[in-house]
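Engineer: Quick one: the structure is below, and I'll ask about it shortly.
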Amino acid sequence: MLKHKYVLDPWSIIENQYDSSNMIDSESIFSLGNGKIGQRGNFEEDFSNNQTIGNYISGIYYRDKTKVGWWKKGYPEYFAKMVNCPNWNKIRISINNTLLDLNKCEVLSYNRELNMKEGWCERKVLLKNDKSEKIEIQSKKFISIKRENLGVINYKIKVFENNVKVEVLPCIDVNIRNNDSNWNEPFLETIESLSKNNLGIVKSNIINSNFEISTFFKTEYLINNKKINSSYSQSESKHLIGCKSKFLLNTDDELTIFKVGGYVNSNDSNKNEFNNIIEKESENALKTGFNELCKENIDEWSKVWEHSDVIIEGDIKSQQAIRFNIFHLNQTFNGNDPKLNIGPKGFTGEKYGGVTYWDTEAFCVPFYLGTKHSSVAKNLLNQRYNQLDNAIKNAKNIGLNHGAALYPMVTVNGEECHNEWEITFEEIHRNAAIAQAIKKYINFTNDHNFLDDEGIKILIAISRFWKERVNYSKVLNKYVILGVTGPNEYENNVDNNWYTNYSAKWCLDYTINQLSEIGNRNVKKHESIIKENNLNNKEISNWKKIIKNIHLPYSKDLNIFIQNDGFLNKDLQPANKIPHNQRPINQNWSWDRILRSPYIKQADVLQGFYFFEDHFTKKELQSNFDFYEQFTVHESSLSACVHSVLASSINDIEKAYEYFVRASRLDLDDYNKEIKQGLHITSMGGSWMSIVEG
């Protein structure tokens, strides 16, 4: 049984013990965002222990030139990565000429709370500095849903003796770089900066792009809740843009720094209007005041929870977990901007570049269909439609033509970004996830206009891809698909991955059926689709031949579908035979050993049973579940949720619950010992699926 890292509470994540070595993990947990901008849960003041400062804007990315040891034709030129922006949260504080740094203080009491119901994070610390001076700090902050460019901090310093000199420098730290950089190059450059009294602005250009951003802040000071005027002097540090102020406090005095700040960007606003927007929004926020801004944001979160809350009675750890998952899904993406999508780490870390994977369609679309207006899911699918030309280009890059489309494994604009051959070229099952999302959207909404005008074009292009990608085996007298990676990324370059082959068969069949449905509803529309897409009876007939005669590996003896050719030749030792100190195997074993093993990173055959459950009997599901579960190590965040749904289908409620807890508390309890890299946002949609579909 894993020990819970945070206090169990139905609506809050609470950290009540200070451990300087654990702060980098908690930075991920306590991240904040509003779908447009977001940040890791960094301290505002200086902190000299291990940390990852992160502030991000959705849709703003850098083209990081591909770096590989052996270039292969078809590799993308770059990996798009979201940009770690200048840090507007920074507040440098000195007490009697000593820099405030929790890592150099004696912490007497500590409490940090992420209130998910109301959307704020608060930290209270009582400490002694290295001069044995007792100080209390209290910070409460949030990212505004209503004011999408804006974050808010209310930072208080209380002293317990007379004549305490406090120097405060609210600022923008421009000495920020991305940790995940192929060539250790900066992603942005400062164009100009402005620091005048309580205002700071830094204008930056994203290198090798047309993106520009402005980072800004504005502050006001209060002592004992009374607003005061302060004198200002320029920061002496080149990388801290702001003006410092000095205060003399006496016993029980409390100094408040009210700081608003954030970003404007060229995706949303004209570059020439940046300063006007900043002045208007920051001044309005200061006039509104912290309490009213906080109340405004609480009201916005209440609207979110009205449509997305899941109530679990009598199980506080599950209640906390599912709300944590729902909270971060809404912080990452709220559907307000049709240009944006869902990065696997959201605003919580840089791994995976912060850009779109097949996770969106497979694990997130169901959540947004169930909790938002259907236009949100439609916008996600329309992005794929708008990127169809790039998907066709992507297929051409690997030698497939005739209108075939291969959607990218990783993308921000429709161009492939991923540069590992076993994924970029081989994990082609991603096409099927997009077709599945179209199916779920159509079934949920009956939006025939989308199907007729956009969806069917995607389906035809995907079907053409499968037609191009199969080949006919004279030995088997079957169509086969060679050289792929299935959902189980612990096997590469395999032949006839059952899930991939079955997905190809289903995509072709679903496309034919949807064409027929359109014809039944509107003959003229059907005729125009056939003409516009240069479809003919021969092409559809070829699809039908593949559907009827594709190879689907099967073992009569075991009554299972075989994951891929050769799987049963492995040393089939169950995963519980792996010594505990060798888990997770991706951190302890060589890749060669992993590839030769039978161990499954995430549901593979069982992913097929999840998507196509109504195609198979409960007996078939039971046989395949029992066989493959024993080899599954769940070292992908996307694994446990699928197992939970399927366990419910076979009425194994205890196991379904066990997998739900694992999926939903993956980050809270750090199952895979990696949360310092960020949270698993897209798998959080899977946690929701475990309840709603399980």
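Engineer: What dipole magnitude, in Debye to the nearest 20, does the chain give about its Cα centre under +1 on Lys/Arg Cβ and -1 on Asp/Glu Cβ?
Structural biologist: It works out to roughly 1040 debye.
Engineer: If you don't mind, there's one more thing I want to ask. For the range 460-549, run through the trypsin sites (Lys or Arg not before Pro) and keep only the ones in DSSP coil with at most 13 other Cβ atoms within 10 Å of their Cβ.
Structural biologist: Lys474
Engineer: Through the Karplus equation 6.51 cos²θ - 1.76 cosθ + 1.60, θ set to phi - 60°, convert the phi angles of the range 466-481 into ³J(HN,Hα) values in whole Hz; use x for Gly and Pro.
Structural biologist: Result, rounded to whole Hz: 5, 4, 6, 7, 6, 9, 8, 9, 6, 5, 8, 6, 9, 7, 10, 10.
Engineer: If you stretched the chain out fully between Asn16 and Lys287, how much longer would it get, using 0.36 nm times the residue separation minus the C-alpha to C-alpha distance? Mind showing how you got there, number by number?
Structural biologist: Working: separation 271, 0.36 × 271 = 97.56 nm, distance 3.36 nm.
Full extension from Asn16 to Lys287 adds 94.2 nm.
Engineer: Now a separate question. In nm, to one decimal, how far is the Glu77 label point from the Asn522 one, both placed 7 Å along Cα→Cβ?
Structural biologist: 3.9
Engineer: For the range 12-278, with only Lys/Arg (+1) and Asp/Glu (-1) charged at the beta-carbon, what is the dipole magnitude about the Cα centre, in debye rounded to 20? Could the numbers behind the result be given before it?
Structural biologist: Values: 36 positive and 33 negative charges, 105 e Å.
Computed about the Cα centre, the dipole is about 500 debye.
Engineer: Here's a follow-up. How far, in nm, would the chain grow between Lys104 and Leu194 when pulled straight, counting 0.36 nm per residue and subtracting the alpha carbon separation?
Structural biologist: Extra length from Lys104 to Leu194 when fully extended: 29.2 nm.
Engineer: If you filter the range 104-139 for trypsin sites (Lys or Arg not before Pro), then keep DSSP loop positions with at most 13 other Cβ within 10 Å, what is left?
Structural biologist: Lys131
Engineer: List, in the order given, every pair from Lys156/Lys227; Lys440/Lys556; Lys36/Lys280; Lys5/Lys259; Lys90/Lys140; Lys440/Lys467 whose Cα-Cα distance in the structure shown is over 21 Å.
Structural biologist: Over 21 Å Cα-Cα: Lys440/Lys556; Lys5/Lys259; Lys440/Lys467.
Engineer: Continuing with this model, one more query. What is the distance in Å between the Cα centres of the range 238-287 and the range 110-188?
Structural biologist: When both Cα centres are located, 14 Å separates them.
Engineer: So which trypsin sites (Lys or Arg not before Pro) in the range 51-101 are both in a DSSP loop and have at most 15 other Cβ atoms within 10 Å of their Cβ? Write down the numbers at each step before the final one.
Structural biologist: Details: sites: Arg63, Lys65, Lys67, Lys72, Lys73, Lys81, Lys90, Arg92; in loops: Lys67, Lys72, Lys73, Lys90.
Those that pass, being in a loop and sparsely packed, are Lys67, Lys72, Lys73.
Engineer: Between the helical axis of 537-549 and the dominant principal axis of the chain, each derived from Cα atoms, what acute angle in degrees is found, rounded to the nearest 10?
Structural biologist: 90
Engineer: Next question, about the same structure. Cα axis of helix 640-649 to longest principal axis of the chain: angle in degrees, 0 to 90, nearest 10?
Structural biologist: Once rounded, the angle reads 50 degrees.
Engineer: What list of ³J(HN,Hα) couplings, whole Hz, do you get for the range 625-638 from phi and the Karplus terms 6.51, -1.76, 1.60, once you set θ to phi - 60° and write x for glycine and proline?
Structural biologist: So the Karplus estimates, Gly and Pro as x, are 4, 4, 6, 7, 4, 5, 9, 8, 9, 6, 8, 10, 5, 8 Hz.
Engineer: Based on DSSP loop calls and a cut-off of at most 10 other Cβ atoms within 10 Å, the longest stretch of the chain free of exposed GluC sites (Glu not before Pro) is what? Display every interim value, and only then the final one.
Structural biologist: Details: sites that count: Glu236, Glu313.
Answer - 314-694.
Engineer: Further question: Please report the spacing between the Cα centers of the range 22-79 and the range 488-562 in Å, no decimals.
Structural biologist: Between the Cα centre of the range 22-79 and that of the range 488-562, the gap is 38 Å.
Engineer: Calculate how steeply helix 523-532 sits against the longest principal axis of the alpha-carbon atoms of the chain, using the helix alpha-carbon long axis, and give the answer as 0 to 90 degrees to the nearest 10.
Structural biologist: Helix 523-532 and the main axis of the chain meet at about 80 degrees.
Engineer: Here is a further query. Would you please give the FRET efficiency between Lys227 and Thr66, computed as 1/(1 + (r/R0)^6) with r the Cβ-Cβ distance and R0 = 56 Å, to the nearest 0.05?
Structural biologist: It comes to 0.60.
Engineer: Under 5 Å between amide hydrogens, which residues at least 5 positions from His418 or on another chain qualify, with H placed 1.01 Å from N in the peptide plane?
Structural biologist: Met409, Val410
Laboratory data are not the source of any read-out in this text; all were calculated from the coordinates shown. Computed from a predicted model, the values in this text were never measured in an experiment. Neighbour counts are summed over all protein chains in view; Cβ atoms, including those assigned to glycine, are modelled from backbone coordinates with ideal geometry.
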